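Asker: Let me begin by handing over the structure; questions about it come next.
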């Protein structure tokens, strides 16, 4: 059996603008894998927990190739929960795409193709999944990667600020602070970041501004 015959459970493949990270605004093909071991309080993609359809890597590459984009984001759910996510990332890089992976931070990122930009969430107390953080991932990060905190309230902010300082995260890679949509006020978070002079990038989710709370587009 060819490597391209390997299968993944896919919720959707779609073309949109990247709504987050340093690539915000870039036309991007999103591959959303089905399934996730986490249940964050603010999750906006619970529809990807179950269902989906089986695609071979060859079928995924063919569908991605229908769009005029050189950027691909593999997301979920939790993409690393499926073992064939790793060969998918590699074949996308081999095909010449610039690839990013959005992962919840609970699973090992060490085997991800080094050409991939790994965007790793650190789950805060208000997410309900803080105990699932895999802290060993922090030592694997490079300047090519990014760390993301989604913050629900002031306690989350104070906790994230402490983690930022204790682990010297800004020395590892860019760090993103985002308000949970519909929760913490964006202006309030921006004021705290400026007040404390944190070496982080404040960000809002562009797709939710443009398409009214859409998870991806």
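What follows draws every value from the coordinates through simple rules; no lab data is involved. Remember, it's a predicted structure, so these values are computed and weren't measured experimentally. Cβ: placed from backbone, ideal geometry, glycine included. Neighbour counts: every protein chain shown.
Asker: When only Cα pairs under 8 Å and 6 or more residues apart are kept, what is the percent relative contact order across the chain?
Answerer: Numbers: 411 pairs, mean separation 37.8, N = 217.
Once normalised by length, the contact order is 17 percent.
Asker: A further question follows. Assign one of three labels to segment 17-136, namely rounded, prolate or oblate, based on the Cα gyration tensor with a ≥ b ≥ c the square roots of its eigenvalues; rounded applies when a/c is under 1.5, prolate when it is not and a/b is larger than b/c, and oblate otherwise.
Answerer: The shape class here is prolate.
Asker: Nearest 10 degrees is fine. How inclined is helix 85-94 to the longest principal axis of the chain, computing both from alpha carbons?
Answerer: Once rounded, one gets 80 degrees.
Asker: A further question follows. Given the C-alpha centroids of segment 62-93 and segment 145-217, what is the distance between them in whole angstrom?
Answerer: 25
Asker: Additional query: For the Cα atoms of the chain, what angle does the longest principal axis make with the long axis of helix 186-196, in degrees from 0 to 90, nearest 10?
Answerer: The answer is roughly 60 degrees.
Asker: For the chain, take the longest principal axis of its alpha carbons; what is the angle in degrees between that and the long axis of helix 154-166, to the nearest 10 within 0 to 90?
Answerer: So the inclination is approximately 80 degrees.
Asker: Compute the FRET efficiency between residue 4 and residue 44 as 1/(1 + (r/R0)^6), taking r as their Cβ-Cβ distance and R0 = 35 Å, and round to the nearest 0.05.
Answerer: The computed FRET efficiency comes out at 0.65.
Asker: Which length gain, in nm to one decimal place, applies between residue 26 and residue 136 when the Cα-Cα distance is subtracted from 0.36 nm times their residue separation?
Answerer: 36.5 nm
Asker: Determine the shape class of segment 168-217: with a ≥ b ≥ c the square roots of the Cα gyration tensor eigenvalues, call it rounded for a/c under 1.5, and otherwise prolate if a/b is greater than b/c, oblate otherwise.
Answerer: oblate
Asker: Determine the gain in length on full extension of the stretch residue 115-residue 181; use 0.36 nm per residue of separation and subtract their C-alpha separation, reporting nm with one decimal. Please report the intermediate quantities before stating the final value.
Answerer: Values: separation 66, 0.36 × 66 = 23.76 nm, distance 3.04 nm.
Once the chain is fully extended between residue 115 and residue 181, it gains 20.7 nm.
Asker: Let me ask another. Rounded if a/c is under 1.5, else prolate if a/b beats b/c, else oblate: with a ≥ b ≥ c from the C-alpha gyration tensor eigenvalues square-rooted, which is segment 117-170? Could the numbers behind the result be given before it?
Answerer: Values: a/c = 1.87, a/b = 1.57, b/c = 1.19.
Prolate, since a/c reaches 1.5 and a/b exceeds b/c.
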